[in-house]
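The values are calculated or read from the model by the stated rules, or taken from the named source; none is laboratory data. The shown structure was predicted, so the numbers you read here are calculated from the model rather than taken from an experiment. As a convention, Cβ positions derive from the backbone with ideal geometry for all residues, glycine included, and neighbour counts pool all protein chains shown.
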Amino acid sequence: MKINYSLALVLFLSVLFSCEKNTCTDDCNLITNVLEIDSAKLNRKVLVIGLDGVRSDAMQQNSSPFLHSLSVANEVYYTASHGVELITYSGPNWSSILTGVHYAKHQVDDNSFANPNYCAYPTFFEYIEGVDSTINTASIVNWTPINTHILSSVTDFAPQAAINDLEVYEQAQSLLINAAPLDADLVFLHFDELDAAGHSYGFSLEVPEYAATLNALDGYVENLYHTIEAKRLTGEDWLFMVVSDHGGDGTGHGDASNPYINQTIFFAQHPSLDFKSQHNSNQTDLAPTIIDFLGISSSVFDCKTDGISLLEE
Ligand SMILES: [Zn+2]
Ligand SMILES: [Zn+2]
């Protein structure tokens with residue numbers, strides 16, 4: 001009797017598992033994955049700084065002097081017309097940034113994360129952990145759904161407690177400078193207070209609260225950049241990225257036809273690598289660029305992604 005029950009349970013679980021597995025695949029899983037790893041690049045490191053709600057035209061010399069200077073520097077890919085998803089909420093855009101596919105594939109079309117398909121379209125964190133689980137990955141966010149729904153299950157350090165932007169910055173510096181709580185190789189940060197200022201007061205440099213918040217973020221980004229520069233001097237090979245999820249107009253960002261909303265800023269900086277300067281980037285280009293930078297080539301990922309690597313061959 002007991003054995004029969006166990007058998008039934010095993011059968012039930014295997015049926016359940018195989019159903020679950022079906023939702024994890026798309027046509028790209030039908031091809032044999034050709035995985036090539038350049039071990040000389042696998043110890044490279046990446047910092048992605050996410051700034052929620054940056055309206056491109058707000059990034060000016062007086063409002064955000066560091067980001068402005070970075071935008072005109074050599075050794076940087078920069079655009080103020082980075083393409084966002086056709087649904088201009090935060091959830092779809094951070095999902096596209098992290099997975100390298102548009103929302104039609106990852107199926108996050110609002111901020112409820114009701115039915116995401118990260119199973120068929122994993123984040124770059126999951127691909128990279130799958131190649132080498134000794135790579136230390138971390139995500140520190142103000143907007144906690146990113147860790148709760150997307151990253152906590154696949155990264156080594158992804159706290160889910162609510163923290164403000166200053167705490168994101170302080171935890172990031174502790175991570176990068178003191179290797180606490182771990183010596184991170186791949187780091188994602190998310191700052192949310194600019195978007196909050198936009199919703200409360202307006203997404204515009206004319207709005208003092210929005211301008212002041214952008215100025216504070218600019219200081220955090222500058223200090224984090226100097227931290228990365230110091231780590232580069234010790235021989236670590238870092239790719240530095242800054243991206244936003246959408247812009248804003250008035251006190252919202254729901255109108256996907258509005259250019260103040262449907263394009264935003266994106267930076268990729270490295271001291272010696274060249275970027276595809278003629279390509280107009282969008283949210284799906286970050287994941288393939290990061291995977292390429294780490295020397296990973298996966299035919300299944302290449303089949304699934306909607307983006308391209310911005311690194312020149
Ligand atoms: Zn947002
Ligand atoms: Zn918002």
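What to note about this one:
- Test: residue in the range 103-117 that is in contact with a strand residue (DSSP E or B) (Cβ under 9 Å, 6 or more places away or on another chain) and closer than 26 Å to L194 by Cα: no
- Pairs, first more than 21 Å from L217 (Cα to Cα) in the range 155-166, second loosely packed, with under 13 Cβ neighbours inside 10 Å, C-beta under 7 Å, six or more apart: D156/L182; F157/L182
- Residue tally, condition hydrophobic (A, V, I, L, M, F, W, C) and away from ligand 1 (no atom under 16 Å from the Cβ), over the range 188-238: 11
- Taken together, the residues in the range 116-158 that are within 16 Å of G50 (Cα to Cα), part of a loop (DSSP other than H, G, I, E, B) and more than 16 Å from ligand 1 (Cβ to nearest atom) amount to 2.
- When each of N93, N33 is tested for being modelled with pLDDT under 95, touching a helix residue (DSSP H, G or I) at 6+ places or on another chain (Cβ under 6 Å) and not hydroxyl-bearing (S, T, Y), the lone residue that passes is N33.
- Scan of the range 239-275 for residues that are buried (at least 17 other Cβ atoms within 10 Å of the Cβ), within 16 Å of ligand 1 (Cβ to nearest atom) and small (G, A, S), ordered by number: S244, G247, G248
- Test: T137 is touching a Leu at 6+ places or on another chain (Cβ under 9 Å) and hydroxyl-bearing (S, T, Y): yes
- Residues in the range 159-192 that are under 21 Å from S90 (Cα atoms) and buried (at least 21 other Cβ atoms within 10 Å of the Cβ): D165, V168, Y169, V187, F188, L189, H190, F191, D192.
- For the range 46-79, a residue qualifies if it is in contact (Cβ under 8 Å) with a residue 12 or more places away in the chain, assigned to a helix (DSSP H, G or I) and within 25 Å of K231 (Cβ to Cβ), and the qualifying residues are P65, F66, L67, L70, S71.
- Hits in the range 180-197 - residues which are within 15 Å of A216 (Cα to Cα) and part of a loop (DSSP other than H, G, I, E, B): D192
- Residues of the range 244-292 that are within 16 Å of ligand 2 (Cβ to nearest atom) and of a type in the set (A, V, I, L, M): A256, I261, I265.
- Cross-chain or 6+ apart pairs with Cβ under 7 Å, the range 221-238 first and farther than 17 Å from F188 by Cβ, then among the charged types (D, E, K, R) and surrounded by 12 or more Cβ atoms within 10 Å (Cβ to Cβ): E236/K45; D237/R44; D237/K45
- Within the range 82-100, the set of residues being away from ligand 2 (no atom under 15 Å from the Cβ) and over 12 Å from the mean Cα position of the chain (by Cα) comprises H82, G83, L86.
- Enumeration of residues in the range 127-148 that are within 17 Å of F113 (Cβ to Cβ), out of contact with any Asp or Glu (no Cβ under 9 Å at 6 or more places or on another chain) and crowded, with 20+ Cβ neighbours inside 10 Å: S139, I146, N147
- Tallying residues that are over 11 Å from T284 (Cα atoms) and either surrounded by 19 or more Cβ atoms within 10 Å (Cβ to Cβ) or touching a Pro at 6+ places or on another chain (Cβ under 8 Å) (or both) within the range 93-105 yields 1.
- Single match in N43, N147, N136, N74 (criterion: away from ligand 2 (no atom under 16 Å from the Cβ), at pLDDT below 95 and over 19 Å from T264 (Cβ atoms)): N74
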